[in-house]
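A short worksheet on the structure shown next.
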Amino acid sequence: MELIKPSNMILPRVNAVFTTKTDNDLTDYISSEFHISKDRIYMPVQKHTSNVHVLEHDLAPVIADAVLTQEKDIVIGVKVADCVPVLVYDPKQGVVGAVHAGWRGTAAEILIKALTEMKKTFSSSMDNVLVSIGPSIRKCCYEVDRDVCDAVYKHCSVCDDIRDGKYFIDLSDVNKQQALSMGVLPDNIWQSEECTFCNPERFYSYRYNRGTKERQGGFIQLL
């Protein structure tokens, strides 16, 4: 497995990675990379919701697709296999977050809701926030029905792509636009250019494999 470290989060007080395919348990690798026990790795119960969970001391799993925390002795993360993993970090207020944005979450603006919660709960200023958008299925390969296209693009200015009457969307770009709409600075956004469907040797892709239970993910910890 290769660990992808977003260039905007190679900083002294945070550790952030996106993972690729692994032959063994994903949490084993994360435990080793972050030098933390497996029971201190927190991932929400992902159900394609727009729920944002603020994690304090209670590590009981909850249904959510975004997690925020100021706790330093825990790694938070999300699992994906085509959906968009997004990591966020406010170095001034000491807040980190992990977001799982599939088409439903993107249409429900889960990243915007997570950033709004950072402002509300932690007094984060968006011009301090760093956003890293990990590998996901991209417009080249993500064909959807018209209703999905309309749901994803209804609140942003990114144009859809129609080829031979078929609709192709880019969830990564939409999440970038949502971050920008919240006031995140362009220079504070890192975006992977890799498509999970185009690179099945490196990433798990639900569409390429026509269904898979395997996942890669995005993980972040305050140091």
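Here are some notes:
- Candidate set: region 130-157, residues that are open to solvent by 50 Å² or more (accessible area, probe 1.4 Å) and farther than 19 Å from A81 by Cα; chosen: the one modelled with the lowest pLDDT: S157
- Count of region 82-99 residues which are open to solvent by 10 Å² or more (accessible area, probe 1.4 Å) and closer than 21 Å to Q221 by Cβ: 4
- Any hit, region 96-106, residues being assigned to a helix (DSSP H, G or I), among the aromatic types (F, W, Y) and under 23 Å from V17 (Cα atoms): yes
- First in region 35-53 and small (G, A, S), second anywhere and open to solvent by 70 Å² or more (accessible area, probe 1.4 Å), Cβ under 6 Å, 6 or more apart: S50/K113
- Qualifying positions in region 168-199 - in contact (Cβ under 8 Å) with a residue 60 or more places away in the chain, surrounded by fewer than 18 Cβ atoms within 10 Å (Cβ to Cβ) and in contact with a Lys or Arg (Cβ under 8 Å, 6 or more places away or on another chain): C198
- Within region 204-223, tally of residues that are in contact with a strand residue (DSSP E or B) (Cβ under 7 Å, 6 or more places away or on another chain), farther than 13 Å from S172 by Cβ and not polar (S, T, N, Q): 7
- Those residues of region 114-126 which are surrounded by fewer than 20 Cβ atoms within 10 Å (Cβ to Cβ) and touching a helix residue (DSSP H, G or I) at 6+ places or on another chain (Cβ under 9 Å), in sequence order: K119, S125, M126
- Residue ID - nearest to W190 (Cα to Cα), chosen from residues in region 1-49 that are hydroxyl-bearing (S, T, Y) and out of contact with any strand residue (DSSP E or B) (no Cβ under 8 Å at 6 or more places or on another chain): S32
- Filter result (assigned to a strand (DSSP E or B) and open to solvent by less than 10 Å² (accessible area, probe 1.4 Å)) within region 66-81: A66, V67, L68, T69, V75, I76, G77, V78, V80
- Scope region 1-52; condition open to solvent by less than 50 Å² (accessible area, probe 1.4 Å), closer than 22 Å to T196 by Cα, assigned to a loop (DSSP other than H, G, I, E, B) and among the aliphatic types (A, V, I, L, M); matching residues: M43
The values are calculated or read from the model by the stated rules, or taken from the named source; none is laboratory data. On a predicted model such as this, the values are computed, not experimentally measured, just so you know. As a convention, Cβ positions derive from the backbone with ideal geometry for all residues, glycine included, and neighbour counts pool all protein chains shown. We work out accessible area using only protein heavy atoms, side chains counted, and drop any ligands, DNA or RNA first. Shrake-Rupley method; radii C 1.70, N 1.55, O 1.52, S 1.80 Å.
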